[in-house]
Every structure is written in structure tokens, then in C-alpha cells.
Amino acid sequence: MNVPNLLVKGFRYFLRCSRSGVIFLIRSVLGLPYPISVKRREMKKIPPGDGPETFDQPEAIEINHARMTHLASLGLPLAGKRVLDVGCGVGHLAQFFVNRSCEVVCVDARPENIARLRQLYPDLEAHVANVETEPLLRFGTFDIVFSYGLLYHLESPLAALRNIVPVCHEMLLLETMVCDHTLPILRIEDETKTFSQALRGIGCRPSPSYLMLVLNRVGFEFVYAPKTRPEHRDFKFQWRSNLDSWRNNHPLRCIFIASKTKLQNPNLVDVLL
Ligand SMILES: C[S@@+](CC[C@H](N)C(=O)[O-])C[C@H]1O[C@@H](n2cnc3c(N)ncnc32)[C@H](O)[C@@H]1O
């Protein structure tokens, strides 16, 4: 292979490996001082997304089935508990707890989702509240806080977790998208206006270590990971510590059980060192 070909190949490889690196290089040549790769975006110009019907799409039904079958398989003592479902959407997942004779309270920041929940499940107690800014204590206290699919749609996940701690007596059941890294890192991501997404267009992708650090420091002495993963492609991936939050066209997701007391459960691994 001749030298120009080699150079072209090398440059292509560099482009593939390091898009933000290339942007930084170009901007450095232009005299710009920081390694920034953020494009301008105006929230007003982002098209409206899907409404509450988004919770009934086939993909949502598929992942809901996988997540709740997995939760049932963990053998946690959930029957008859008082449960807060934070970021409940239209209340589909709360049915898992209703079917186990739990006393369930649902909270979501979008009035449209709560209105739809009330049509679908008129007996379910539900409230509109932003978990990042409005105290959850006004809804009482709970044995279990359930939060699947919410955390990565928050711009301030730490504020939300601090809000959850005082209302939670026993366990927080947490499912979230993550970014693949060993350090405690929080990636910030743009999101659409669809009703299952971030409220104001900014979400986050925490690394598992970020979650461990924050869950422990805000008040959960014990944090566990299930030994098994839900039977769904979003949960089945190898760790690479490369900051990915998507791989092979699907998001990377994890489940954690944060607890105020030590749990003796053969299906869980204590993940704090
Ligand atoms: C992906 S959906 C998850 C719904 C349901 N938990 C599930 O897993 O199917 C995320 C939900 O969180 C709600 N949400 C987003 N930001 C919120 C906030 N700051 N406070 C409360 N709910 C929020 C959205 O309106 C949406 O209904």
C-alpha cells in the first residue's frame, strides 16, 4: 500500500474512533479553546413527540413484560406493601403491585399521563408531581419506592433521589438506562418531547458507579444488583467502559435494589465494596 493510501486509511480510522476529537482538532485550528462537541439546539423548535399512547407501543409492552417477569423472579417481599410508583407513566407497571394486594400511590410530572391513568385505572391513587422539585413527603411514606424507566429522564437525578429517601422505609427498586464506565460519571443527553421522556428536553445516563455512590451517600446503606437480567436485549450486553449508553441500536439498562437494611436474598449481589 502506498503512503497516500495509508494516510487516507489512518485519517478515516481517526474519524471513526474520535468524532469529538476531530471536532476539537478543527476548533483548535480555528482558535477555540475548549474540547466542545455540543450543537446549538432550541427547545421551541423541537417537534412535539408522541402523547400517552407511547406507553402502549409494542416495544413498551415487550420491555414491560420482561422487566416485571424479572422483578417477580427476584422473590422480594413485596406483597401487601405500601408502594410509591415514581414516574408511573399511565400506570401500567403499578398493576404488578395492585395484583399483589399492595396499597399503591402513583406520581408522574405530566398531567396528560395521569389523566390517562385515571381513565384506565380509576381506582388507582395518582398525583401530578415533579420528583426533582416537589417534596414527595406530601403523599406520605412508603415501604417500597418503585422507579422503573424514570431516572435517566431527569436532569437532576441526585435531587430526585434525595427526595425519595425520606419517603422510603425499606427498598428502592430502580431501573434505568446507564452509561458504560467504571468511574462515577453522569452523561447528560438531549431528549425528545415525547410523553415518556424528559420534561424539559434534558436527561442523563449515569454509570453504575455513579448510582452506587449516590444511592449510598443519600441514605441507602445497602445496594444490590440482581444476579439475573431481564430477558430483553437492552439488559444483555458486555461491559466495555467506553461511555456508551447505546450499543447495536439499543440502550443499555440496569436494575438496582437499594435498601435501608441488609437483605438476605440469594438472587441479589451486594455491589458496594
Ligand atoms: C419512560 S417513562 C416510564 C414510565 C413507567 N415507569 C414505565 O417504566 O413504563 C418516564 C416517565 O417519567 C415521567 N417523568 C419525567 N420526568 C419526571 C419528573 N421530573 N418527575 C416525575 N415524573 C417524570 C414522564 O412523564 C414519564 O411518564
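Key figures for this structure:
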read-out	value
Matching entry among ASP85, ASP50, ASP123 (being within 16 Å of the ligand (Cβ to nearest atom) and assigned to a loop (DSSP other than H, G, I, E, B))	ASP50
Filtered residues of segment 174-190 (kept if of a type in the set (A, V, I, L, M, F, W, C), within 15 Å of the ligand (Cβ to nearest atom) and in contact with a helix residue (DSSP H, G or I) (Cβ under 7 Å, 6 or more places away or on another chain))	LEU174, MET177, VAL178
Flag for ASP108 being in contact with a strand residue (DSSP E or B) (Cβ under 7 Å, 6 or more places away or on another chain), within 13 Å of the ligand (Cβ to nearest atom) and modelled with pLDDT of 95 or more	yes
Tally of residues being in contact with a Lys or Arg (Cβ under 7 Å, 6 or more places away or on another chain) and in contact (Cβ under 8 Å) with a residue 40 or more places away in the chain across segment 202-236	10
Options GLU170, GLU155; residue that is touching a strand residue (DSSP E or B) at 6+ places or on another chain (Cβ under 9 Å), at pLDDT 95 or above and either away from the ligand (no atom under 14 Å from the Cβ) or not assigned by TED's automatic domain parsing to the domain that holds VAL83 (or both)	GLU170
Selection status of THR176, in a strand (DSSP E or B) and polar (S, T, N, Q)	yes
Complete set of residues in segment 212-233 that are surrounded by 21 or more Cβ atoms within 10 Å (Cβ to Cβ) and in contact with a strand residue (DSSP E or B) (Cβ under 6 Å, 6 or more places away or on another chain)	LEU215, PHE220, VAL223, TYR224
Boolean, LEU161 is surrounded by 15 or more Cβ atoms within 10 Å (Cβ to Cβ), in a helix (DSSP H, G or I) and away from the ligand (no atom under 11 Å from the Cβ)	yes
Qualifying residue in segment 245-257 (condition: loosely packed, with under 14 Cβ neighbours inside 10 Å and under 21 Å from ASP85 (Cα atoms))	no
Any hit, segment 192-207, residues being over 23 Å from LYS44 (Cα atoms) and not in a loop (DSSP other than H, G, I, E, B)	yes
Failed item in (1) out of contact with any His (no Cβ under 9 Å at 6 or more places or on another chain); (2) at positive phi, with SER73 passing the rest	(2)
Hey, VAL128 within 9 Å of the ligand (Cβ to nearest atom) and either among the aliphatic types (A, V, I, L, M) or surrounded by 17 or more Cβ atoms within 10 Å (Cβ to Cβ) (or both) or not	yes
Residues of segment 57-75 classified as closer than 22 Å to GLU125 by Cβ and more than 9 Å from the ligand (Cβ to nearest atom), total	2
Index of the failed condition, ARG41 passing every other in (1) under 25 Å from ASN249 (Cα atoms); (2) more than 11 Å from the ligand (Cβ to nearest atom); (3) among the basic types (Lys, Arg); (4) in contact with a Phe, Trp or Tyr (Cβ under 9 Å, 6 or more places away or on another chain)	(4)
Residue identified as over 24 Å from SER207 (Cα atoms), in contact (Cβ under 8 Å) with a residue 60 or more places away in the chain and more than 9 Å from the ligand (Cβ to nearest atom) among ARG100, ARG116	ARG116
Residue match in segment 108-118 (condition: in a strand (DSSP E or B) and assigned by TED's automatic domain parsing to the domain that holds THR54)	yes
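The values are calculated or read from the model by the stated rules, or taken from the named source; none is laboratory data. The structure displayed is predicted, hence computed values, not measured ones. Please note: Cβ atoms are built from the backbone with ideal geometry, for glycine as well, and neighbour counts cover all protein chains shown.
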